[in-house]
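Below is one structure, written out as structure tokens; the observations come after it.
The values are calculated or read from the model by the stated rules, or taken from the named source; none is laboratory data. Bear in mind that the values here come from a model prediction, so they are computed numbers and not experimental data. Reconstructed Cβ throughout: ideal geometry from the backbone, glycine too, with neighbour counts over all protein chains shown. With ligands, DNA and RNA removed, areas are computed over all heavy atoms of the protein, side chains included. Shrake-Rupley method; radii C 1.70, N 1.55, O 1.52, S 1.80 Å.
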Amino acid sequence: MLRRGNSDNSDGDDSKSVESSAPIESSPAESVGKGRPTPKRREAETRRRGPVAPPPMTGKEARERRKANRGSKDDRKQASSERRAASSERRERMLAGEDKYLLPRDKGPVRAFTRNLVDARRNLVGLFMPLALLLIFALFLSPGVQAFVTLAMFVMMLFMVIEGVYIGRQINNRVRERFPDTEDGGFKLGWYAFVRASQLRKMRAPKPQVERGAAV
């Protein structure tokens, strides 16, 4: 009896020890996590770019790599020069008045006809920019000279406004005669003509296609 009781107790103790020694499995919620440190930004960029080439082992290999890199730089320079050449060609054609390369505000036969009308006449409005520079220089002179220049500027600007209204009406009349079905006209076309007339002839874009005084 004593032996059987001891054996039963020992079996119970053994089973308890086995149960206690069994590994405790963690729940899925506890096992969720990175389990590794967050990679640095440099490491992440390196992984995206791909593996880094090992350093050259010999001088010959280093020279070959330099030649390869130099070739890629030359290709980039060539592509950049080609883009600059293409941009320069587009600008030259735009200044020449080719409709394909013009800005939307300058496209169309009506706008080309308006530019020719403006470029063929002498405009008092074209003195606006030189007079503005003169007014700026007058600010550094004596008060008497400043008052005189300011008064002269106001008089000139009054004449410029009158001439701008006259140019707008004349341009609209000529456009309606040449293009009776066009919808381009009114204040928008008059303002377009006024702005071009107020610019210096050498600074106009597209460049003038007719000489002063030419019949349009």
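This table checks each residue for (1) more than 30 Å from Arg90 (Cα to Cα); (2) open to solvent by 30 Å² or more (accessible area, probe 1.4 Å).
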residue: Pro109; (1), (2): no, yes
residue: Arg122; (1), (2): no, yes
residue: Val145; (1), (2): yes, yes
residue: Phe159; (1), (2): yes, yes
residue: Arg201; (1), (2): no, yes
residue: Pro206; (1), (2): no, no
residue: Gln209; (1), (2): no, yes
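For the condition among the polar types (S, T, N, Q), more than 30 Å from the chain's Cα centre (by Cα), at pLDDT below 90 and open to solvent by less than 60 Å² (accessible area, probe 1.4 Å), Thr150 qualifies. Within the stretch 171-199, the set of residues being among the polar types (S, T, N, Q) and either surrounded by 15 or more Cβ atoms within 10 Å (Cβ to Cβ) or under 15 Å from Gly108 (Cβ atoms) (or both) comprises Asn172, Thr182, Ser198, Gln199. Selection within the stretch 167-216: residues that are within 24 Å of Lys100 (Cβ to Cβ) and acidic (Asp, Glu). The member of this set that is nearest to the chain's Cα centre (by Cα) is Asp184.
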